[in-house]
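> Quick one: the structure is below, questions incoming.
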Amino acid sequence: MPTPFPWMSEELAALESAGLRRARLVVRPFADGACEIEGRRLWNFAGNDYLGLAGDPRVVAAAQAALAESGVGARASALVAGRSEWHARLEQTLAAFEGQEAAILFPTGYAANVGIIAALVDEHDVVFCDRLNHASLIDGCRLSGAKLRVFRHSELETLERELHKAAEARRRLIVTDAVFSMDGDVAPLRELCDLAERFQADLLVDEAHGTGVFGEQGRGVCESLDVESRVAVRVGTLSKAIGTLGGFVAGRQSLVDWLWNKARTQVFSTALSPAICAAATTAVEIIRSEPDRRAKLWRNCEFVRQELDAVLRPSESSAVRDSDQAVLLRLQYGRSVGPIIPILLGDPDAAVAAQRKLEDRGCLVAAIRSPTVPQGTSRLRISLSAAHDESALQTLVGALQEVLSVS
């Protein structure tokens, strides 16, 4: 019997040679921002549990109560078998949190983006996508069948020209992340709103890394930049700061009704587990009632950036030596804000080697390589959490100082 996919071994070897083959690890997470890998306890700076809610006892207890009452699975698509009270309660909680009329749930944030975009545009329309958008947004644009126009990261002059060219299209949809997941910078949402209004386009913003982190109430970058009423669709995720699983849209009732009927990734997917819905409801309530969690996260972000500046950047009063310049090339996080801090190393092998050295010093930091980021921009991606205490942060800064020092 012939071996299936005979080309696969050779292609895997090519990935290995290029430093791009990924390994699978078994990780045991802890509520204090640490984890265990192969018997080693490490501070986890690779996850997205920004507010430390994934292991909060109240969130866990809510999931346990729903699990005991409703079982593990939702048993069917929500559209086919109906939503449980846990789903309805979460939708109501999210709508209230976002200040909107209604909300709709998706099994993942990825499914939300793919399903929503395809429900809004098709082959008669044009969709405009930032080159550095998350893969789920890019895939949603491609799968929608709409004419795709990609513009270089935040180059609004290019976007403006493409919008002008598409003036006769039936619909125009601009798609962007609020916070770009690999660079940590924030989209120019005010300017994007201006362009959308000028060219009668709609703007879709994915707040995956903004929800719970940005804004006075934690609703995201749209809130912090005061553009919530100008954005047509705001997508959120339950799997980052909310600490659970799933995606959602909160908006006008007409938008939610349209997605309920037309978003295939929601229509044809088994619904979220009731236990997940119960946990997410409690997590959102905690976010609303405990703003100190968000304040602590931002204090952690400020501390790490200050320490990295002091350790790795040359003083302005000193002459820049070759070694200092090498560090400056590595430490390109000036545009990033919030808990995502990228440190560019360029070469994928260098990123993986740095990751392993950081693990030896007690820190789990993700090595990000192509195709997640463009070739030549492999990096360490530090992700901070309110769960990290001073000891964790000091360990991280000390480890980075040793690993990234240039002789």
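> Select from the range 121-134 the residues that are among the hydrophobic types (A, V, I, L, M, F, W, C) and free of Cβ contacts under 8 Å to residues at least 60 places away in the same chain and list them in ascending order.
Passing the criteria: V121, V126, V127, C129, L132.
> Right, next: For the range 365-395, which residues satisfy the criterion of being closer than 26 Å to I287 by Cα and not in a loop (DSSP other than H, G, I, E, B)?
Within the range 365-395, R381, I382, S383, E390, S391, A392, L393 meet the criteria.
> If you go through the range 339-377 one residue at a time, how many are among the β-branched types (V, I, T) and closer than 17 Å to L25 by Cβ?
Counting residues in the range 339-377 that are among the β-branched types (V, I, T) and closer than 17 Å to L25 by Cβ gives 4.
> Do you know which residues across the range 252-309 are touching a Leu at 6+ places or on another chain (Cβ under 7 Å) and hydroxyl-bearing (S, T, Y)?
Hit for the range 252-309 is T281, nothing else.
> On the basis of being surrounded by fewer than 22 Cβ atoms within 10 Å (Cβ to Cβ) and either at pLDDT below 95 or under 22 Å from S154 (Cα atoms) (or both), does S315 make the cut?
For S315, the condition - surrounded by fewer than 22 Cβ atoms within 10 Å (Cβ to Cβ) and either at pLDDT below 95 or under 22 Å from S154 (Cα atoms) (or both) - is met.
> Separate question: Among the residues of the range 268-282, is any hydroxyl-bearing (S, T, Y), crowded, with 20+ Cβ neighbours inside 10 Å, in contact with a Lys or Arg (Cβ under 6 Å, 6 or more places away or on another chain) and part of a helix (DSSP H, G or I)?
yes
> Sort through A18, A68, A74, A14 and tell me the only one that's crowded, with 20+ Cβ neighbours inside 10 Å and more than 25 Å from the chain's Cα centre (by Cα).
Only one candidate passes the filter, namely A74.
> Just to be sure before I move on: is G19 closer than 21 Å to T237 by Cα and either at pLDDT below 95 or in the same structural domain as A386 (by TED's automatic domain parsing) (or both) in the structure I sent?
No; evaluated as a whole, the condition is false for this residue.
> (1) surrounded by fewer than 21 Cβ atoms within 10 Å (Cβ to Cβ); (2) farther than 27 Å from I242 by Cα: which one isn't true of L393, the others all being true?
The number of the failed condition is (2).
> Quick one: V114 ticks every box in (1) more than 25 Å from L225 (Cα to Cα); (2) out of contact with any helix residue (DSSP H, G or I) (no Cβ under 9 Å at 6 or more places or on another chain); (3) hydrophobic (A, V, I, L, M, F, W, C) except a single one, so which number is it?
Condition (2) is where V114 drops out.
Quick grid of which residues meet (1) farther than 30 Å from G362 by Cα; (2) at pLDDT below 95:
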{"position": "R40", "(1), (2)": "no, no"}
{"position": "G52", "(1), (2)": "no, no"}
{"position": "L79", "(1), (2)": "yes, yes"}
{"position": "H87", "(1), (2)": "yes, no"}
{"position": "I117", "(1), (2)": "yes, no"}
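> Counting only residues that are closer than 18 Å to A232 by Cα and of a type in the set (D, E), which one in the range 77-112 is surrounded by the fewest Cβ atoms within 10 Å (Cβ to Cβ)?
Applying the filter and picking the extreme gives E101.
> Moving on to the next point. Got a sec? Which of V59, V72 is under 21 Å from G243 (Cβ atoms), of a type in the set (A, V, I, L, M) and outside any helix (DSSP H, G or I)?
Residue meeting the stated conditions: V72.
> State which residue pairs qualify: first residue closer than 23 Å to C301 by Cα and in a strand (DSSP E or B) and inside the range 36-51, second residue hydroxyl-bearing (S, T, Y) and at pLDDT 95 or above in any location, beta carbons under 6 Å apart, and separation of 6 or more residues or different chains.
Filtered contacts from the range 36-51: W43/T395.
> Please state which of the following conditions A350 fails to meet, knowing it meets all the rest: (1) at pLDDT below 95; (2) surrounded by 14 or more Cβ atoms within 10 Å (Cβ to Cβ); (3) in contact with a Leu (Cβ under 8 Å, 6 or more places away or on another chain).
Condition (3) is where A350 drops out.
> A further question follows. Step by step: first the residues of the range 353-364, then only those that are aliphatic (A, V, I, L, M) and part of a helix (DSSP H, G or I), then the one that is farthest from the chain's Cα centre (by Cα). Which residue is that?
A353
> Against the condition closer than 22 Å to E98 by Cβ, touching a helix residue (DSSP H, G or I) at 6+ places or on another chain (Cβ under 7 Å), at pLDDT 95 or above and not β-branched (V, I, T), how does L192 come out, does it pass?
No; evaluated as a whole, the condition is false for this residue.
> Is it the case that the range 50-64 has a residue that's within 30 Å of G346 (Cβ to Cβ) and of a type outside the set (D, E, K, R)?
Checking the range 50-64: at least one residue is within 30 Å of G346 (Cβ to Cβ) and of a type outside the set (D, E, K, R).
> Take L225 and tell me if it is in the same structural domain as A112 (by TED's automatic domain parsing) and touching a residue at least 40 places away in the same chain (Cβ under 8 Å).
no
> Quick one: which of V213, V256, V205 is at pLDDT 95 or above, surrounded by fewer than 23 Cβ atoms within 10 Å (Cβ to Cβ) and β-branched (V, I, T)?
Being at pLDDT 95 or above, surrounded by fewer than 23 Cβ atoms within 10 Å (Cβ to Cβ) and β-branched (V, I, T) holds for just one of V213, V256, V205, which is V256.
> Here is a further query. Checking the condition assigned by TED's automatic domain parsing to the domain that holds L225 and under 14 Å from A201 (Cα atoms), which residue from A178, A169 passes?
Matching residue, one of A178, A169: A169.
> Return the residue satisfying two criteria in turn: it lies in the range 359-378 and is in contact with an Asp or Glu (Cβ under 9 Å, 6 or more places away or on another chain) and closer than 25 Å to L297 by Cα, and of such residues it is surrounded by the fewest Cβ atoms within 10 Å (Cβ to Cβ).
Within the range 359-378, the match that is surrounded by the fewest Cβ atoms within 10 Å (Cβ to Cβ) is R361.
The values are calculated or read from the model by the stated rules, or taken from the named source; none is laboratory data. Note that the coordinates shown come from a computational prediction; the quantities given were computed from them, not determined experimentally. Heads up, the Cβs are rebuilt from the backbone with ideal geometry, glycines too, and the neighbour counts pull from every protein chain shown.
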